[in-house]
1. List, please: which pairs have Cβ atoms under 9 Å, are six or more places apart or on different chains, and start with a residue in region 89-115 that is in the same structural domain as D125 (by TED's automatic domain parsing) and end with one that is of a type in the set (G, A, S) and not in a loop (DSSP other than H, G, I, E, B)?
2. So if I check each of T140, T89, which one is under 15 Å from T46 (Cβ atoms) and polar (S, T, N, Q)?
3. Considering only region 238-269, state which residues are hydrophobic (A, V, I, L, M, F, W, C), under 15 Å from the mean Cα position of the chain (by Cα) and either farther than 22 Å from L199 by Cα or part of a strand (DSSP E or B) (or both).
4. Suppose we filter region 259-273 for residues that are in contact with a strand residue (DSSP E or B) (Cβ under 7 Å, 6 or more places away or on another chain) and either outside the structural domain of E92 (by TED's automatic domain parsing) or within 13 Å of V206 (Cα to Cα) (or both); how many remain?
5. If K98 satisfies all but one of (1) more than 17 Å from C44 (Cβ to Cβ); (2) out of contact with any Lys or Arg (no Cβ under 7 Å at 6 or more places or on another chain); (3) of a type in the set (D, E, K, R), what's the number of the condition it fails?
6. For region 203-227, which positions are closer than 17 Å to T59 by Cα and either hydrophobic (A, V, I, L, M, F, W, C) or touching a Gly at 6+ places or on another chain (Cβ under 8 Å) (or both)?
7. For region 60-169, give me every one of the strands (runs of 3 or more DSSP E) that falls completely inside it and has 3 or more residues that are modelled with pLDDT under 95.
Amino acid sequence: MSHKKTKLQNIKNAKIILQLALLLLYVFISDGNTRAVGQSYKDCKTCPEMVVVPSGSYTSYSRKNISSTSLQQKIIFQNSFSLSKFEITFNEWDECVKNRQCSQIPDDHKWGRGMRPVINVKYSDIIQYLGWLSKLTGYTYRLPSESEWEYAAMADNRNIYSQETRFKKGLGNCRDCETKWSGIKSAPVGQFPPNSFGLHDMLGNVFEYVQDCWTKNRTPPPANGLPLVWENCPSKVIKGGAWYYLSKAAHPRFRARNNINFASYILGFRALGEMKQK
């Protein structure tokens with residue numbers, strides 16, 4: 001065999017070894033319940049589709065108002081986490097009802113159910129749904145903190161004060177976004193392009209609950225991204241804007257509140273999945 005043929009054979013052998021190594025690594029990762037950044041997955045057939053969000057950091061500012069640049073705080077996420085690719089839908093919610101784990105059958109406001117984001121659910125109803133997912137899958141499902149939500153909404157644009165985070169018309173569902181749903185009703189999930197993390201409808205469509213308790217003039221959030229919570233807080237922070245609101249609300253820093261005992265047709269939620277099994 002010539003030197004040239006031997007060299008080619010060695011290259012082929014090296015490629016085979018590399019492919020086998022990658023296969024073994026994949027098996028190891030799968031067995032270890034570790035998922036790759038950007039990967040989408042479902043923990044069960046009827047569970048929400050989740051997307052792995054990478055670890056990283058971003059700079060948060062005072063949340064008193066969008067234009068403020070005071071009270072800067074660098075937020076660092078040491079570990080990756082996953083968020084539902086879309087807002088939780090009626091289909092997903094109704095599966096919980098079907099299994100007698102969710103007691104509330106929310107009104108769809110005569111817009112239709114299916115792939116529309118679930119609305120008209122109270123905070124306690126949401127906790128019931130997330131508890132069911134956690135029990136069903138063996139993974140912890142919960143609401144994201146406000147910092148986790150902001151980080152995921154910005155994706156690769158890590159400066160939350162940047163003008164690039166401003167919402168552009170036609171890219172989501174808000175009152176002045178010039179879509180067929182604008183100012184009228186929610187849109188089925190996934191009608192608009194995802195952000196660079198692969199998440200749809202982070203801005204617009206319906207507001208989304210986060211874990212944090214509402215404070216009017218919020219101090220800098222914890223540097224590790226944990227929520228600001230205390231017992232018996234009457235209202236939770238909601239994020240992302242909605243079909244009924246102007247585009248200025250569809251900004252990662254915009255925040256509003258909702259009483260935990262009130263349901264609304266402009267409000268839904270998104271699930272966060274922790275990466276390690278309970």
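1. T89/G268; E92/S84; Q101/G131; Q104/S124
2. Values: T140 fails: under 15 Å from T46 (Cβ atoms).
Just a single option satisfies the conditions, and that option is T89.
3. Of everything in region 238-269, those that are hydrophobic (A, V, I, L, M, F, W, C), under 15 Å from the mean Cα position of the chain (by Cα) and either farther than 22 Å from L199 by Cα or part of a strand (DSSP E or B) (or both) turn out to be I238, L267.
4. Residues meeting the conditions: 6.
5. Of the numbered conditions (1) more than 17 Å from C44 (Cβ to Cβ); (2) out of contact with any Lys or Arg (no Cβ under 7 Å at 6 or more places or on another chain); (3) of a type in the set (D, E, K, R), the odd one out for K98 is (1).
6. A223, L226
7. On the way: elements: 73-77, 81-84, 139-142.
In region 60-169, 73-77 are the strands (runs of 3 or more DSSP E) which contain 3 or more residues that are modelled with pLDDT under 95.
Yes/no matrix, rows are residues, columns are (1) hydrophobic (A, V, I, L, M, F, W, C); (2) touching a Leu at 6+ places or on another chain (Cβ under 7 Å):
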residue: P117; (1), (2): no, no
residue: K122; (1), (2): no, no
residue: I127; (1), (2): yes, no
residue: L133; (1), (2): yes, no
residue: Y139; (1), (2): no, no
residue: E148; (1), (2): no, yes
residue: Y151; (1), (2): no, no
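The values are calculated or read from the model by the stated rules, or taken from the named source; none is laboratory data. Keep in mind that what you see is a predicted model, and the values were worked out from it rather than measured. With ideal geometry, Cβ positions are generated from the backbone for all residues, glycine too; neighbour counts draw on all protein chains shown.
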